[in-house]
Each structure stands twice: as structure tokens, then as C-alpha cells.
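The values are calculated or read from the model by the stated rules, or taken from the named source; none is laboratory data. This is a predicted model, so every value here is computed, not measured. Every residue, glycine as well, gets a Cβ built from its backbone with ideal geometry; the counts of neighbours run over all protein chains shown. Heavy atoms of the whole protein, side chains included, go into the accessibility calculation; ligands, DNA and RNA do not. Shrake-Rupley method; radii C 1.70, N 1.55, O 1.52, S 1.80 Å.
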Amino acid sequence: MRDARTSYDAIAEEYARQIPDWLERRPLDRALLCAFAELVRSRGREPVADVGSGPGHVTARLARLGVPVFGVDVSPRMTALARRTHPGVRFHVGSMESLDLPDGTLGGVLALFSLIHVPDAHLPGVLAEFRRVLAPGGYVLLCFQTGGGEEQRLTERFGREVALSYHWRSPSAVTAHLEQAGLSLLASTVLEPEAETSRPVSFLLAHKRDS
């Protein structure tokens, strides 16, 4: 997470300029996010954490959908940018490996394109942390580019020096980790790549078992 923090601090402003709200051009992704919002709203006013919130576009969209949401990101500069861009939404600096939240208090956890930076050895702990902070029956929505277990490292992005590792996993591999963490799969969706150079994108919806 140290490398991710330093790297996203370095590219925060350029990232936000070059990667605007991607949900604007992806109606299927929006529909899945809206379904997640409806599920967590049905539980009442339990808060939702958008983990790896980046520039805050998704967090702000959930807030507009009536979800009591806040963003958590490992990068202080990305968090500051999100606060400036979306002043009516709460954003905090924090790590998904150790969320500064009490046990069993969230109605939902959202992690879109953030688990790709978590090494395989740390993934079970991260998902266990998601389960810890969820109330019984609370929901998790994960989104990630898929692969066969390979790792990719970038040393440059947007003209800046970075040290970012990307872990491309299959939906079945992540589902197995969810089940081991006590999170039961409700739905799995794979969206085909938009271009030859991109990867399929997987959405996994799960919930915390009552016991």
C-alpha cells in the first residue's frame, strides 16, 4: 500500500483530468451500481464505504442516489482532490487493510478497481476486513479487470515515476476468497472489453452471512 500511496499522490491531478467519471459512458456499470445502491438503501440509513475512492466520482454518484456514503483512499492527495471536487461528500485517508471503523457498522462496502493493487497474499486479509466492518447481511460490490493470475508492474504513468503493481484475477478466484472470508456471492457479471487492449471487467456482489 506504501507504493500505491506514493504513486497516486504523484499522479492524482493528471489522473483526475485524464480519467473523468467513467460511469457516464458505461450504462451497464451504472445499472449495477444503482442495484447496489437500492440494496443498501433498503437496509435503512447504514453508512457505506467506497474503498479506493480516488477522485470521488463514484462516491458522489452514490450520494446523489440517496446512499449515506463516504470515501476512503490511501492517497492523501487523491483524497484532497476528491474533497475539493465534491465538497458535500465525506472523504478520508485510510487503508483497506485496516479500516478505522467499528465492527459491524456498515450497510455496504464498495471497491471498484482498487483490489487490483492488492497482492495475492494480502487479499484474504482485505476481504476479512470488509466482512468485519459490515453489519450482518450487509453488501459488498467488487469490480476489477480480469485475468489469469498474472501481475503487471508500471514504473511510469502520465509522465510520472510510479511503482504500481496490478494483479489480474479471475472472477472464480476472487469468489473463492470471498467465500473463505464469510461473504456469500449473490451475483457475478462479466462485461466484455471495449477495445482490443482492454480486459473484461468483472462485478461481484456478495453479502455478509448472518453467522
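Between Val69 and Val48, the built amide H atoms are under 5 Å apart, and every one of these is 5 or more places off in sequence or on another chain. Between the stretch 58-120 and the stretch 177-211, the C-alpha centres lie 19 angstrom from each other.
Neighbours of Leu23 by Cβ distance under 12 Å: Lys/Arg scored +1, Asp/Glu scored -1, total +2. As a fraction of the 1.4 Å probe accessible area of the chain, surface on carbon and sulfur atoms comes out at 51 percent. Charge tally for Gly149 (other residues, Cβ to Cβ under 12 Å; Lys, Arg +1; Asp, Glu -1): -2.
Near the amide H of Leu164, within less than 5 Å, lie the amide hydrogens of Leu154, all on another chain or at least 5 residues away, with H placed in the peptide plane. Taking semi-axes √(5λ) of the Cα gyration tensor in Å as calculated from this structure, the corresponding entry among [x] 24, 20, 17; [y] 26, 21, 15; [z] 46, 19, 11 is [x]. Suppose we keep just the DSSP beta bridges with both residues in the chain; what percent of those would be antiparallel, to 5? If I count the DSSP bridges inside the chain, around 55 percent turn out antiparallel.
Shown in residue order for the stretch 68-74 are the 3J(HN,Hα) couplings computed by the Karplus curve 6.51 cos²θ - 1.76 cosθ + 1.60 at θ = phi - 60°: x, 10, 9, x, 10, 9, 6 Hz (x for Gly and Pro).
Here the Karplus relation 6.51 cos²θ - 1.76 cosθ + 1.60, evaluated at θ = phi - 60°, turns the backbone of the stretch 61-67 into coupling constants of 5, 4, 4, 5, 7, x, 8 Hz, with x for every Gly and Pro. Relative contact order of the chain: 19 percent, from C-alpha pairs under 8 Å at least 6 residues apart in sequence. Once the C-beta distance of Leu186 and Ala163 is scaled by a Förster radius of 41 Å, the resulting FRET efficiency is 0.70 to the nearest 0.05. Annotation: amide H of Gly147 within the under-5 Å range of Arg169, Ser170, sequence separation 5 or more or interchain, hydrogens built in the peptide plane.
Rolling a 1.4 angstrom probe over the protein heavy atoms with all chains in place gives the stretch 82-130 an accessible area of 45 Å² per residue.
Each peptide among 20-30, 128-138, 165-175, 71-81 gets the average number of other Cβ atoms lying within 10 Å of its residues, and from highest to lowest they stand as 71-81, 128-138, 165-175, 20-30. Sorting 92-100, 44-52, 149-157 by their mean Cβ neighbour count within 10 Å, with the most densely packed peptide first, gives 44-52, 92-100, 149-157. Each residue of the stretch 33-46 was assigned a 3J(HN,Hα) from its phi angle through the Karplus curve 6.51 cos²θ - 1.76 cosθ + 1.60 (θ = phi - 60°); the sequence is 5, 5, 5, 4, 4, 5, 5, 6, 5, 5, 8, x, 10, 5 Hz, with glycine and proline shown as x.
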